[in-house]
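S.K.: Take this structure first; my questions come after.
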Amino acid sequence: MSTTVDTATEIRSFQIEIPEEQIDDLRRRVAATRWPTKELVGDRLQGVQLATVQELARFWTTEYDWRKCEARLNALPQFTTEIDGVEIHFIHVRSRHENALPLIMTHGWPGSVIELLETVGPLTDPTAHGGTPEDAFHLVLPSLPGYGFSSEPTELGWDASRTARAWAELMHRLGYTRYVAQGGDVGALVTDLMGRQAVEGLVGYHLNLLTAVLAIGDQLPKKSEQERAAAKALATFREDGFGYFLEMATRPQTIGYALLDSPVALAAWLLDHDTDSYYKISRAFVDGKPVGKLTRETIVDNITLYWLTGTAASAARSYWEDGRALAAALASGQAPPAVSVPVGFTTFPGEIWASPRSWVEAVYPGLAYFNEVDRGGHFAAWEEPALFASELRAAFKPLR
């Protein structure tokens, strides 16, 4: 009988142990920052404001404790497994409730598993968070390839469609033959491609960003006031908020040198994402007024995770991969495959473009669930975890 272990599909326990010298080096680098002069405008039109980043840097070097974040992550069941040559890190929390529905949830950029942590309790232990046993999920939170504690791809081709196939393989390895998925930002693209690839076991999914708008936004209706507002928000993003996206989609290696060398450059790059989130984050530092769970500590947890894992450049390359995949798809002129499983969607008002129902139905004609909520933005799970969890409970209830 063979005693050989197939390490290619083995699932291994994982714990984070960052050497103290790496944390000391981080503080030294922040303290040695060569600062630009103050911006010449009174808002974010020229980019991330000096006062915001300097207060973040002060907090980072004098009050922040990475070990608290490390302990929080290590208190959760973490694992790694190799899929298609990449070591995938994931958190896997099984609910104590017998008939819990398996759910794989994918973060985006500039986030990480940090942005999803506040949802773990409400989703896996609903009875402790205002729900019932019938609301429970077994939760899988993977780190995207090249992000966080997942390893960097060493070859071309790791776009969102390949990640979608990897997630299906991950759920298969975990023994889940019937499951649902959720995603926002890059995670929304990965999740949608799982549906369009009709991966085995997926019975439905939920999104909170309509990524198809980047490809077909010009074709979507603009008759109602809400539709025109969404179109205006999209136009503003393309004209005034697209810098980070364009740089990473075309020259990720170039920006990578700054992001791997300067913690403050990394922090500013990660903060400069969208207007709503930026001002919420800025208020948390400058005014000491966080919005929801988007606190100084968790914001710096996320930035520090990128720094300590050295993954800012590899994360940026994922935009390069997806940009090329999108260009090839548009050049082909072929419509993407139809979705055959139920799709749910929640519109959060602070999203980059808050998609109206008509836009979502144009992409998903058989839309199974739709809701517009009254608060929350791009980082909805991070900012409003209780509301976010209640949306997932409602969207997936018919699939239990």
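Residues are listed down the side, and each one gets a yes or a no for (1) farther than 24 Å from S112 by Cβ; (2) surrounded by fewer than 21 Cβ atoms within 10 Å (Cβ to Cβ); (3) aliphatic (A, V, I, L, M):
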| residue | (1), (2), (3) |
| --- | --- |
| L189 | no, no, yes |
| L193 | no, no, yes |
| V203 | yes, yes, yes |
| T211 | no, no, no |
| Q219 | yes, yes, no |
| K222 | yes, yes, no |
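S.K.: Here are the criteria: (1) surrounded by fewer than 18 Cβ atoms within 10 Å (Cβ to Cβ); (2) of a type outside the set (A, V, I, L, M); (3) at pLDDT below 95. Tell me which single one P290 does not satisfy.
M.R.: All conditions are met except number (1).
S.K.: Considering only residues that are farther than 28 Å from E361 by Cα and touching a helix residue (DSSP H, G or I) at 6+ places or on another chain (Cβ under 7 Å), which ones fall in segment 215-243?
M.R.: Those that are farther than 28 Å from E361 by Cα and touching a helix residue (DSSP H, G or I) at 6+ places or on another chain (Cβ under 7 Å): none in segment 215-243.
S.K.: Quick check on this structure: which one of A335, A325, A380, A354 is closer than 20 Å to T191 by Cα, aliphatic (A, V, I, L, M) and over 22 Å from the mean Cα position of the chain (by Cα)?
M.R.: None of the others qualify; the one that does is A335.
S.K.: Are there helices (runs of 4 or more DSSP H) fully within segment 18-118 with at least 2 residues that are more than 28 Å from A164 (Cα to Cα) and touching a Pro at 6+ places or on another chain (Cβ under 7 Å)? List them.
M.R.: Counting at least 2 such residues, we get 20-31.
S.K.: Still on this structure, I have one more. Kindly indicate whether any position in segment 325-337 is within 21 Å of M105 (Cα to Cα) and open to solvent by 20 Å² or more (accessible area, probe 1.4 Å).
M.R.: Scanning segment 325-337 turns up no residue that is within 21 Å of M105 (Cα to Cα) and open to solvent by 20 Å² or more (accessible area, probe 1.4 Å).
S.K.: Which pairs have Cβ atoms under 8 Å, sit 6 or more apart or on different chains, and link a residue in segment 284-299 that is under 16 Å from A268 (Cα atoms) to one that is of a type in the set (D, E, K, R) and not in a helix (DSSP H, G or I)?
M.R.: Short answer, once both residue conditions are applied: none.
S.K.: From the list L123, L76, L40, which residue is surrounded by fewer than 19 Cβ atoms within 10 Å (Cβ to Cβ), under 29 Å from K397 (Cβ atoms) and among the aliphatic types (A, V, I, L, M)?
M.R.: L76
The values are calculated or read from the model by the stated rules, or taken from the named source; none is laboratory data. Not measured: the values here are computed from a predicted model. Ideal geometry is used to build each Cβ from the backbone, glycine not excepted, and the neighbour counts take in all protein chains shown. Ligands, DNA and RNA are excluded from the accessible area calculation, which covers all protein heavy atoms including side chains. Shrake-Rupley method; radii C 1.70, N 1.55, O 1.52, S 1.80 Å.
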